[in-house]
Amino acid sequence: MTPSVYHYRGDFPLEHGDTLREVDIAYHTFGRLNEARDNVVWVCHALTANSDVEDWWPGTVAEDGFLNPDRYFIVCANILGSCYGTTGPLSVNPLTGHPFYGDFPRLTMRDVVNAHRLLARHLGIDGIYGLAGASVGGFQALEWAAMEPERFSRIALIATAPKASPWTIAIDETQRMAIRADQTFGLPLADAGAAGMGAARALGLLTYRGPEGYNLTQQDHEDADCVLPGLPAGHRACTYQQHQGDKLIRRFNAYSYMTILDTFDTHDIGRDRGGVERALAGIGRQAKVLIVGVSTDLVFTPPEMRELSRMIPRSVYEEITSPLGHDGFLVEYRQLNAILIPFFTN
């Protein structure tokens with residue numbers, strides 16, 4: 001489904017001091033806004049996803065899903081810096097008439113959320129009944145809730161954190177190193193750094209899935225071609241890594257990938273708010289909050305998720321059981337629906 005695009009032709013100031021002279025924000029909506037305008041559920045997407053929630057979160061935008069379009073008006077905006085219709089590195093810089101490429105300005109998570117706020121104003125949305133975000137989407141949801149805690153009635157935070165940790169920043173830097181090692185990165189081309197980005201994605205996937213997920217799904221087949229009896233000519237895990245890298249190359253670009261990784265690392269809802277615990281305490285006073293962890297998540301571990309819940313007053317913690325690590329939030333939609341449907345309806 002083709003996204004709608006909001007063309008904002010004013011100045012959009014950024015935290016680092018730069019200004020985008022105009023901004024496009026791509027977004028999808030599902031369902032209808034009711035007469036009282038109180039049935040909005042806003043979804044914040046993860047790292048390389050787009051605004052079409054049906055596309056990347058199967059089983060959730062459905063009559064039997066927690067994002068029921070018969071009940072809610074669901075909004076999802078493609079994040080600033082991405083390449084799915086919202087202004088990013090491949091967009092044309094109105095000051096030069098050429099794409100930004102590597103000259104795209106640095107962003108923070110607060111810039112991303114300010115773009116969401118701009119779109120909400122354009123759509124005539126004031127109060128938001130439900131806010132849901134997983135992974136980097138949870139970063140956005142937490143930051144928005146810290147900015148405007150009175151705006152939300154229910155907030156679902158899935159496999160996420162209130163601050164980018166040294167561990168997650170190290171994951172991002174390892175991926176950036178792979179991209180920088182591609183000698184084409186930095187050239188004024190849409191496909192610059194593509195091979196490096198493919199390697200970066202394969203590296204990242206190790207942390208997204210983890211050993212249990214790989215050992216469950218990527219065992220070599222017994223009937224595989226062998227160079228010697230019992231010795232496969234190639235390993236299924238190798239072709240999987242190559243496939244995942246190639247798949248991202250076909251749909252994304254390295255400049256946007258680097259921009260979003262850098263933005264990820266700026267995340268800290270405690271910045272200028274007296275620290276993380278103080279910022280989280282303000283969120284819990286205004287809305288019902290649900291925290292959902294994934295049992296084998298290596299990126300945002302269950303102990304970290306329980307600690308997040310502890311710091312948000314009156315929040316509730318639930319956990320998905322999955323062998324697929326961080327990516328369990330994308331795959332285990334039945335478990336997620338079983339948790340989130342009652343949270344949003346009761």
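The values are calculated or read from the model by the stated rules, or taken from the named source; none is laboratory data. Keep in mind the model is a prediction, meaning the values are calculated, not measured. We place every Cβ from the backbone using ideal geometry, glycine too, and count neighbours over all the protein chains shown. Surface accessibility is based on the protein's heavy atoms, side chains included, excluding ligands, DNA and RNA. Shrake-Rupley method; radii C 1.70, N 1.55, O 1.52, S 1.80 Å.
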Study note, to complete from the structure: For GLU22, GLU54, the accessible-area ranking with a 1.4 Å probe, largest leading, is GLU54, GLU22
Point to revise | Probe 1.4 Å, accessible area per residue of the range 33-124, Å² | key: 39 Å²
Practice item. Please work out the FRET efficiency for the pair ARG117 and THR239, using the Cβ-Cβ distance as r and a Förster radius of 51 Å; give the result to the nearest 0.05. Key: 0.75
Practice item. Over the range 235-346, with every protein chain in place, what whole percent of the accessible area is carbon and sulfur at 1.4 Å, could you tell me? Key: 52 percent
**Study point:** Cα centre as origin, Lys/Arg/Asp/Glu Cβ charges: the chain dipole, Debye
**Key:** 780 debye
Point to revise | LEU131 long-range amide H proximity, modeled H, under 5 Å | key: TRP42, ARG154, ILE155, ALA156
Review point. Which one of ALA145, PRO105, GLY193 is farthest out on the positive end of the charge dipole of the range 81-211, using unit charges on Cβ (Lys, Arg +1; Asp, Glu -1) and the Cα centre as origin?
Key: ALA145
